[in-house]
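Enquirer: Got a structure for you, written out below as structure tokens; questions coming shortly.
The values are calculated or read from the model by the stated rules, or taken from the named source; none is laboratory data. Not measured: the values here are computed from a predicted model. Cβ placement follows ideal geometry from the backbone for every residue including glycine, while neighbour counts extend to all protein chains displayed.
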Amino acid sequence: MTTQKRRIGILGVLAAAAMIPACHQEATTQTAAQQDGRKLQRQELHTRGLDLQEIDINQDGQVDQRVYTKSGVIQVAERDFNFDGKVDMVEFYENGVHSRDEIDLDYDGIVDLVVVYENGRIVRKEYAIDFEGNRHGVQLFDAQGRRYEIQRDTDGDGTMDTIETYAEGDAQPQRIQKVSKPTSTP
Ligand SMILES: [Ca+2]
Ligand SMILES: [Ca+2]
Ligand SMILES: [Ca+2]
């Protein structure tokens, strides 16, 4: 049994997207396994040929938000909320419809939360509670926006070990399932 319940659709596109060039630290320490499944996956930015609108929200002379459009339709937006020059949130759009957010919650340049949308509706959240990009939880949402499943990495080893199933948007899980870990090779 797989530890991840994957949804096809937008996620298929995401899986195909290459990672953004890794920062210095990741290049040396990240293993192939981490790149594949344990780290939050970042979608590649495609901004070539797009029209760019630069916005200086706090009027300090430094651009804080970049909005990329094609024929007037938004494609990508990059936002720097704390005005330190580092992007804190990237929003992706497909055909003008919001499809994905990548959010750096603690402003260290590493994405901590990924939100995936289908038809503008949230279907999936992946989050790293260690703020190092290691994925520690995945939440799945149904067509009514109700959370129906949470996958957790309770011991922080980067592998999902618990799946909680929720009925009708209940706060308490209907079922908690432990996932046996694949035996590691020496
Ligand atoms: Ca500014
Ligand atoms: Ca920032
Ligand atoms: Ca971060």
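Enquirer: How many residues, within segment 146-160, are assigned to a loop (DSSP other than H, G, I, E, B) and modelled with pLDDT of 90 or more?
Expert: 1
Enquirer: If you don't mind, another one. Looking at this structure, is residue 177 part of a strand (DSSP E or B), at pLDDT below 95 and surrounded by 14 or more Cβ atoms within 10 Å (Cβ to Cβ)? Break it down stepwise before answering.
Expert: On the way: part of a strand (DSSP E or B): yes; at pLDDT below 95: yes; surrounded by 14 or more Cβ atoms within 10 Å (Cβ to Cβ): no.
When the stated conditions are applied, residue 177 does not pass them.
Enquirer: In the set 120, 169, 158, which member is in contact with a Lys or Arg (Cβ under 8 Å, 6 or more places away or on another chain), more than 16 Å from ligand 1 (Cβ to nearest atom), within 22 Å of residue 42 (Cβ to Cβ) and not hydroxyl-bearing (Ser, Thr, Tyr)? Please lay out each step first, then the result.
Expert: Details: 120 fails: in contact with a Lys or Arg (Cβ under 8 Å, 6 or more places away or on another chain); 169 fails: within 22 Å of residue 42 (Cβ to Cβ).
Just a single option satisfies the conditions, and that option is 158.
Enquirer: From 79, 146, 100, which residue is out of contact with any His (no Cβ under 6 Å at 6 or more places or on another chain) and either of a type in the set (Phe, Trp, Tyr) or within 16 Å of ligand 1 (Cβ to nearest atom) (or both)?
Expert: Numbers: 146 fails: either of a type in the set (Phe, Trp, Tyr) or within 16 Å of ligand 1 (Cβ to nearest atom) (or both); 100 fails: either of a type in the set (Phe, Trp, Tyr) or within 16 Å of ligand 1 (Cβ to nearest atom) (or both).
Of the residues listed, the single one that is out of contact with any His (no Cβ under 6 Å at 6 or more places or on another chain) and either of a type in the set (Phe, Trp, Tyr) or within 16 Å of ligand 1 (Cβ to nearest atom) (or both) is 79.
Enquirer: For segment 62-69, check the following and say yes or no: at least one residue is without any contact (Cβ under 8 Å) to a residue 24 or more places away in the chain, loosely packed, with under 12 Cβ neighbours inside 10 Å and out of contact with any Leu (no Cβ under 7 Å at 6 or more places or on another chain). Even if it seems obvious, please write down each step before you answer.
Expert: Step one: filter segment 62-69 for residues without any contact (Cβ under 8 Å) to a residue 24 or more places away in the chain, giving 62-69.
Then drop every residue that is not loosely packed, with under 12 Cβ neighbours inside 10 Å, which leaves none.
No; the residues of segment 62-69 include none that is without any contact (Cβ under 8 Å) to a residue 24 or more places away in the chain, loosely packed, with under 12 Cβ neighbours inside 10 Å and out of contact with any Leu (no Cβ under 7 Å at 6 or more places or on another chain).
Enquirer: Looking at residue 142, is it free of Cβ contacts under 8 Å to residues at least 60 places away in the same chain, within 24 Å of residue 174 (Cβ to Cβ) and surrounded by fewer than 18 Cβ atoms within 10 Å (Cβ to Cβ)?
Expert: On the way: free of Cβ contacts under 8 Å to residues at least 60 places away in the same chain: yes; within 24 Å of residue 174 (Cβ to Cβ): yes; surrounded by fewer than 18 Cβ atoms within 10 Å (Cβ to Cβ): yes.
Yes; evaluated as a whole, the condition is true for this residue.
Enquirer: Which of the residues belonging to segment 104-126 are part of a loop (DSSP other than H, G, I, E, B) and within 16 Å of ligand 3 (Cβ to nearest atom)? Give the steps one after another, and end with the answer.
Expert: Narrowing segment 104-126 to residues part of a loop (DSSP other than H, G, I, E, B): 104-112, 119-120.
Hits for segment 104-126 are 104, 105, 106, 107, 108, 109, 110, 111, 112.
Enquirer: Keeping to segment 68-88, report how many residues are within 16 Å of ligand 2 (Cβ to nearest atom) and assigned to a strand (DSSP E or B). Talk me through it step by step, then tell me what you get.
Expert: Taking segment 68-88 first, the residues within 16 Å of ligand 2 (Cβ to nearest atom) are 77-88.
Applying the additional criterion that residues be assigned to a strand (DSSP E or B) yields 77-79.
Here the count works out to 3.
Enquirer: Determine which member of the set 79, 100 is touching a strand residue (DSSP E or B) at 6+ places or on another chain (Cβ under 6 Å) and within 19 Å of residue 59 (Cβ to Cβ). Give the derivation first.
Expert: Working: 100 fails: within 19 Å of residue 59 (Cβ to Cβ).
Answer to the check: 79.
Enquirer: For the structure I just gave you, tell me whether residue 103 is within 13 Å of ligand 2 (Cβ to nearest atom), at pLDDT below 95 and either more than 30 Å from residue 171 (Cβ to Cβ) or surrounded by 15 or more Cβ atoms within 10 Å (Cβ to Cβ) (or both). Steps first, please.
Expert: Details: within 13 Å of ligand 2 (Cβ to nearest atom): yes; at pLDDT below 95: no; either more than 30 Å from residue 171 (Cβ to Cβ) or surrounded by 15 or more Cβ atoms within 10 Å (Cβ to Cβ) (or both): yes.
No.
Enquirer: Only one of (1) at pLDDT below 95; (2) within 16 Å of ligand 2 (Cβ to nearest atom) is not met by residue 129, so which one is it?
Expert: Result: residue 129 passes all but (2).
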